[in-house]
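The values are calculated or read from the model by the stated rules, or taken from the named source; none is laboratory data. All values derive from a computational prediction rather than experimental measurement. No Cβ is skipped: glycine too gets one built from the backbone with ideal geometry, and neighbour counts run over all protein chains shown.
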Amino acid sequence: MSMKIIFRGVVQGVGFRPTVYRIAIDMGLNGYVLNKGSEVEVVVDKKEEEFIEELKKELPKIARIDEIIIENYEEKFKGFKILHSEDGERSFSIPVDTAICNDCLKEIFDPGNKRYHYPFTNCTVCGARFSIIKDLPYDRCNTSMDKFKMCNDCMDEYSNPSNRRYHAQTISCPECGPFYTLYDKNKKTIAERDDAIKKFAGYVDDGAIGIIKSWGGMHISCKIEEIKKFREWYMRYQKPFAIMVRDIKTAMKYAYITKEEEKILLSNERPILLLNKRNNKLEEASPCLSTIGIYLPYSGVHHLLFSYMNSDALIMTSANIAGEPMIVDNEKAFSLGADFYLLHNRDIINRVDDSVIKLWKGRKFFIRRSRGFIPYFIKSNHSKRIISVGAEENVCGAISYNKKIYSTQYIGNTKYYPTLEFLYESLKFLMKLMKIKEIDAVAMDMHPRYATKRIAEKIANEYDVKTIEIQHHWAHATSLLLENNLEEAIVITLDGLGYGSDGNLWGGEVLYASYNKFERLGHLKELPLIGGDKAAKDVRRLVFAIFKKWNKSIYFHGMEEEILSKAMEKAPLSTSMGRLLDALSCYLGICNYRSYEGEPAMKLEKYLEMGENRYEFDLKVKNGVVDTIYLFKQLVDVAKNKKLNEKEKSDLAYSFVKSVMKGLTNMAIKNAIDRDIKNIGISGGVSYNIPITEMVEEEVKKAGLNFITHNIIPNGDGGVAMGQNAIAGSLMEEQNA
């Protein structure tokens with residue numbers, strides 16, 4: 001009797017079937033291997049346990065087995081065959097886009113190889129995947145490669161089970177595949193194919209600003225020596241830009257790199273990694289920050305560019321109009337007004353931005369989880385089919401199906417309509433891949449003015465289901481439970497703001513959280529946001545409001561003081577830790593205006609890293625409220641009439657924040673002990689701040705409790721949809737019980 005073996009996981013387009021075939025032939029087995037959409041079916045006539053063990057040993061590097069099912073099978077076979085794909089039950093096993101492998105890279109730089117200098121060289125273990133797929137199963141006809149008919153040589157490789165390009169759906173060569181064309185700003189063709197890449201490299205070396213189309217989107221690029229000109233042209237005067245460097249040796253020239261960080265930089269995913277600057281050579285790329293975002297070439301065209309260039313480091317930032325998604329359409333690229341455009345003729349089906357990671361003690365803090373890490377899922381705590389739309393900025397959406405919660409790629413700021421549409425399209429695309437025809441509910445944020453509510457309501461109307469509002473910080477906390485496989489925890493949630501269940505703006509909270517309820521155990525003292533969003537941009541307004549609490553004035557006088565004082569009476573109130581950090585940054589003369597999200601607090605982080613706990617603050621906590629106004633008054637008393645040097649600023653900042661975090665953490669510890677809860681965690685955008693995370697960790701560990709952080713789901717608002725989904729599904733199951 002034969003045995004049927006079902007393999008589930010990442011088993012499509014990764015060389016899984018050829019590996020099965022080779023092992024089966026070597027073992028003298030009879031049967032077949034068949035791709036069935038979300039799983040691979042294998043039938044063998046003997047030695048099934050030995051076969052499985054061999055397959056695990058020889059598993060292709062980007063394949064992953066999540067589940068194995070073994071059944072009896074009556075039919076017998078002669079020989080072993082690879083059968084054609086079937087459109088079986090949908091789950092989600094599309095492999096991620098991964099960096100070009102070493103074997104393909106060698107071919108690109110081998111003058112005797114037919115793929116010499118061919119930027120689209122790939123095999124079954126590397127190249128574009130999610131970014132080019134239209135539908136499942138993952139076959140060429142369901143990708144944007146369908147319009148490129150394979151030449152005879154490529155077809156021979158594709159059809160040969162012993163070849164590493166067997167069933168590589170994106171296989172191509174210079175004769176039959178996509179190619180690059182170089183244009184000037186007037187859309188005039190300058191060069192094609194390899195000559196296009198070579199000329200583009202020369203123009204950038206000479207100081208030009210160029211657009212380059214990659215796998216999942218486009219980048220704006222120039223050499224680092226032109227960054228001042230680039231900032232003027234792009235009108236982004238302070239925002240940090242990612243830097244792509246020639247190789248790992250070059251990266252070490254610009255940043256301090258640990259062994260762990262080196263491993264991530266060289267990984268198949270090739271994310272942007274935030275690293276500590278080694279010197280001031282890249283200071284202009286991330287002004288006044290201690291870190292710089294660096295990544296290595298991941299596609300053939302990147303490697304070819306550097307091979308032609310004298311420059312060893314390039315600004316390589318997402319090509320987009322401010323607030324809108326990254327551009328993927330060739331025609332729209334010309335709207336950016338760059339000097340030159342290096343564009344290829346393969347369509348990008350799914351936009352995927354570069355992923356951005358900050359490492360901490362072996363854990364990945366995802367600032368942006370996208371290329372290389374999408375698609376991904378977390379095991380769900382419920383069985384419902386829920387769509388969740390996230391918050392407003394740094395949005396990802398999520399869908400639960402088959403006891404798993406899947407995230408979309410990074411979407412962005414949904415205040416802008418094109419980004420909102422991108423969210424809708426990405427959610428609908430996931431539904432298409434998984435053949436989801438019905439859903440149970442749509443989860444969304446409580447904030448009455450978030451644009452994502454419109455998408456939630458639109459989808460709810462389409463499927464005739466209800467919407468469920470989820471409090472923002474509860475969603476943050478629950479995302480932490482989800483990835484740490486916990487039922488409950490005390491979570492300190494710190495961010496810019498989230499709409500609270502009392503109608504105020506929260507952001508410095510201590511919560512008890514489970515999947516079906518939360519309690520607000522403590523928070524920071526409320527601070528007026530004069531002018532609402534204006535206070536987040538002109539952060540002097542925050543300090544002005546604090547000073548007014550003890551009848552003093554700063555920054556604004558005369559008529560301006562009078563107007564702002566009246567506005568303060570009706571200003572929204574916020575417990576935001578992000579806004580408190582902004583105020584501290586402003587008062588210490590570090591950053592007064594926010595030109596990009598999180599700027600004042602991010603620039604403060606460098607001072608926290610350098611600071612020591614040298615100043616004593618009298619901490620007042622009453623009825624679960626940390627009195628930050630009182631702390632700020634003490635700060636002013638210490639700092640007034642002094643011209644602070646950098647060290648004094650650092651120590652004051654550290655001592656102040658340490659006191660604030662001690663107030664919040666002590667509340668968390670007391671409640672954890674009282675409730676016999678062993679786990680205390682931190683979530684929200686402020687938890688990317690390493691000194692603050694370490695302040696919490698220190699106190700929690702001193703108390704003998706377990707400290708939990710993120711490692712899979714983004715700490716910031718990119719993780720909110722996962723938490724929303726977990727809560728909504730749990731509430732629905734509770735109601736139906």
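Phe200 falls short on exactly one of the conditions (1) under 20 Å from Ile348 (Cβ atoms); (2) assigned to a loop (DSSP other than H, G, I, E, B); (3) not basic (Lys, Arg), and that condition is (2). With respect to (1) under 37 Å from the mean Cα position of the chain (by Cα); (2) free of Cβ contacts under 8 Å to residues at least 60 places away in the same chain, the lone exception for Ala601 is condition (2). Can you find a residue in segment 206-219 that is in contact with a Lys or Arg (Cβ under 6 Å, 6 or more places away or on another chain) and surrounded by fewer than 21 Cβ atoms within 10 Å (Cβ to Cβ)? Looking through segment 206-219, none of the residues is in contact with a Lys or Arg (Cβ under 6 Å, 6 or more places away or on another chain) and surrounded by fewer than 21 Cβ atoms within 10 Å (Cβ to Cβ). The condition (being in the same structural domain as Gly9 (by TED's automatic domain parsing) and out of contact with any Leu (no Cβ under 8 Å at 6 or more places or on another chain)) is satisfied by just one residue among Pro119, Pro137: Pro137. Considering segment 530-552, and only residues there that are touching a Lys or Arg at 6+ places or on another chain (Cβ under 7 Å) and in a loop (DSSP other than H, G, I, E, B), the residue that is nearest to Ala583 (Cα to Cα) turns out to be Val539. The test for being buried (at least 16 other Cβ atoms within 10 Å of the Cβ), in a helix (DSSP H, G or I) and touching a helix residue (DSSP H, G or I) at 6+ places or on another chain (Cβ under 7 Å) does not hold for Leu136.
Each row is one residue, and each column tells you yes or no for (1) in contact with a helix residue (DSSP H, G or I) (Cβ under 6 Å, 6 or more places away or on another chain); (2) over 21 Å from Leu644 (Cβ atoms); (3) surrounded by fewer than 16 Cβ atoms within 10 Å (Cβ to Cβ).
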position	(1), (2), (3)
Thr575	no, yes, no
Ser595	no, yes, yes
Glu599	no, no, no
Leu604	yes, no, no
Leu608	yes, no, no
Gly611	yes, no, no
Arg614	yes, no, yes
Gly624	no, yes, yes
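Applying a threshold of 6 Å to beta carbon distances and a minimum spacing of six or more residues, or different chains, the list of pairs starting in segment 517-541 at a residue that is closer than 28 Å to Thr478 by Cα and assigned by TED's automatic domain parsing to the domain that holds Gly598 and ending at one that is surrounded by 19 or more Cβ atoms within 10 Å (Cβ to Cβ) and of a type in the set (Phe, Trp, Tyr) reads Phe518/Trp474; Glu519/Tyr512; Leu521/Tyr512. Taking (1) surrounded by fewer than 24 Cβ atoms within 10 Å (Cβ to Cβ); (2) closer than 18 Å to Ala477 by Cβ; (3) in contact with a helix residue (DSSP H, G or I) (Cβ under 8 Å, 6 or more places away or on another chain) in turn, Ala703 satisfies each apart from (2). Here Gly127 meets the list (1) loosely packed, with under 14 Cβ neighbours inside 10 Å; (2) at positive phi almost entirely, failing just condition (1).
Applying the criterion of at least 2 residues that are at pLDDT 90 or above to the strands (runs of 3 or more DSSP E) found wholly in segment 36-130 leaves 39-44, 64-73. A search for C-beta distances below 6 Å between a residue of segment 246-269 that is in contact (Cβ under 8 Å) with a residue 40 or more places away in the chain and any residue that is among the acidic types (Asp, Glu), counting only pairs 6+ apart in sequence or on different chains, returns Arg246/Asp312; Thr250/Asp312. Can Asn330 be described as surrounded by fewer than 23 Cβ atoms within 10 Å (Cβ to Cβ) and within 17 Å of the chain's Cα centre (by Cα)? Spelling it out, it is not the case that Asn330 is surrounded by fewer than 23 Cβ atoms within 10 Å (Cβ to Cβ) and within 17 Å of the chain's Cα centre (by Cα). If we scan segment 635-650, do we find a residue that is closer than 30 Å to Leu705 by Cβ, of a type in the set (A, V, I, L, M, F, W, C) and over 31 Å from the mean Cα position of the chain (by Cα)? Yes: one or more hits. Candidates Leu305, Leu289, Leu336: the one that is buried (at least 21 other Cβ atoms within 10 Å of the Cβ) and on the phi < 0 side of the Ramachandran plot is Leu305. Restricting segment 536-553 to residues that are among the hydrophobic types (A, V, I, L, M, F, W, C) and at pLDDT 95 or above leaves a set whose member that is nearest to the chain's Cα centre (by Cα) is Val539.
Counting residues in segment 437-449 that are charged (D, E, K, R), in contact with a strand residue (DSSP E or B) (Cβ under 7 Å, 6 or more places away or on another chain) and assigned by TED's automatic domain parsing to the domain that holds Leu580 gives zero.
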